[in-house]
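*Asks:* Got a structure for you, questions after.
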Amino acid sequence: MGPMMPWLSPRSCAIRAVSLAAMLAFTFAHRAAAQSQGPNFSPEEKAIADQIKGLRALPDDVRARTTKSLALQIRDLKAGPNKVLLANGLANLSTEGDFGHDTLQEVATTLADALRERSVPPGKDGPAAPYVELAELVRYEHVEASLDDPQFASAMSKLGMDDASRQNADFTLTDVRGNTWNLRELRGKVVLVNFWATWCPPCRKEMPDLDALYRRFKEQGFVILGISDEDAGKVESFLAEHPVSYPVLLDPGRKTNEKFRVDGIPKSFVYDRDGKLVAESIDMRTQRQFLQMLAQAGLQ
């Protein structure tokens, strides 16, 4: 297939937060350079791609219905790389909020079907991105998917190892006010670690809900640690316009991001009072979804 195409590469912070339009632009530029030709979407495929690009602009209830409809439309397409591209792009955006288990199940089924029909070569560092995307839907969104492919099995295994690393991870970081925080020293409290960035729309969207939950539960021993790897001045400027009451920590050099295997944001991890990792999210969450996560740590 030649050089690996960007939309099939492992998900990165940039890929998680940019629009599908940007992903497609990178894809098409790469394909033109590698194959001397541009994209070749059929009219039906282009119509689907255009709808995926516009998902973030839709109200949540409309977005849920549209996402489910798009999953079914993609499933009816002929097998090929464009089908995998569209199925993976839809899956990448389907977890940005609370769009219902049934919707996520349709998205996962479509992606699994597309990969079953047209496999994707692995990347230099492991399974191709669509297999990782599907594995994350299965492990973290609790949908079902059947795919007899060693890359899918490898992706599932890697997620298990990532979670083991997160369970044992520790860090000492300084917040924007100069206070120092150590994760293990917070045993006895419920801790939510949230990785975010000022440029990430889903990150910004969930921050008011996180702030409301922090103010609601902080007297019960609840701590939120927001972690950004950006420049301190950029973070402080953002917080001056969008203040939150929970601590925001700085991670220069991304060492803590690397310990937590963070390759896309937002990501959140909940530890109970014994320091056990009891819940995590691979994307933006609503207040209702965060409450479900905190309930697993004993907060009601």
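*Asks:* Regarding VAL132, is this residue touching a residue at least 12 places away in the same chain (Cβ under 8 Å), surrounded by fewer than 22 Cβ atoms within 10 Å (Cβ to Cβ) and under 16 Å from the mean Cα position of the chain (by Cα)?
*Replies:* For VAL132, the condition - touching a residue at least 12 places away in the same chain (Cβ under 8 Å), surrounded by fewer than 22 Cβ atoms within 10 Å (Cβ to Cβ) and under 16 Å from the mean Cα position of the chain (by Cα) - is not met.
*Asks:* Check PRO243, PRO201 and return the single one that is touching a helix residue (DSSP H, G or I) at 6+ places or on another chain (Cβ under 7 Å), assigned by TED's automatic domain parsing to the domain that holds GLU280 and surrounded by fewer than 17 Cβ atoms within 10 Å (Cβ to Cβ).
*Replies:* PRO201
*Asks:* Then there is this: When ALA212 is evaluated against the numbered criteria (1) under 28 Å from LEU104 (Cβ atoms); (2) assigned to a helix (DSSP H, G or I); (3) touching a Leu at 6+ places or on another chain (Cβ under 9 Å), which criterion, by number, is the only one it fails?
*Replies:* (3)
*Asks:* Sticking with this one: Identify the single condition in (1) free of Cβ contacts under 8 Å to residues at least 40 places away in the same chain; (2) over 19 Å from PRO202 (Cβ atoms) that TYR214 does not satisfy, given that it satisfies every other one.
*Replies:* Every condition holds for TYR214 apart from (2).
*Asks:* Out of the residues in region 171-198 that are in a strand (DSSP E or B), over 22 Å from the mean Cα position of the chain (by Cα) and aliphatic (A, V, I, L, M), state the one that is surrounded by the most Cβ atoms within 10 Å (Cβ to Cβ).
*Replies:* VAL190
*Asks:* Looking at ILE224, ILE282, which one is under 17 Å from the mean Cα position of the chain (by Cα) and in the same structural domain as VAL176 (by TED's automatic domain parsing)?
*Replies:* Among ILE224, ILE282, only ILE282 is under 17 Å from the mean Cα position of the chain (by Cα) and in the same structural domain as VAL176 (by TED's automatic domain parsing).
The values are calculated or read from the model by the stated rules, or taken from the named source; none is laboratory data. Since this is a predicted model, take the numbers as computed values, not measurements. Please note: Cβ atoms are built from the backbone with ideal geometry, for glycine as well, and neighbour counts cover all protein chains shown.
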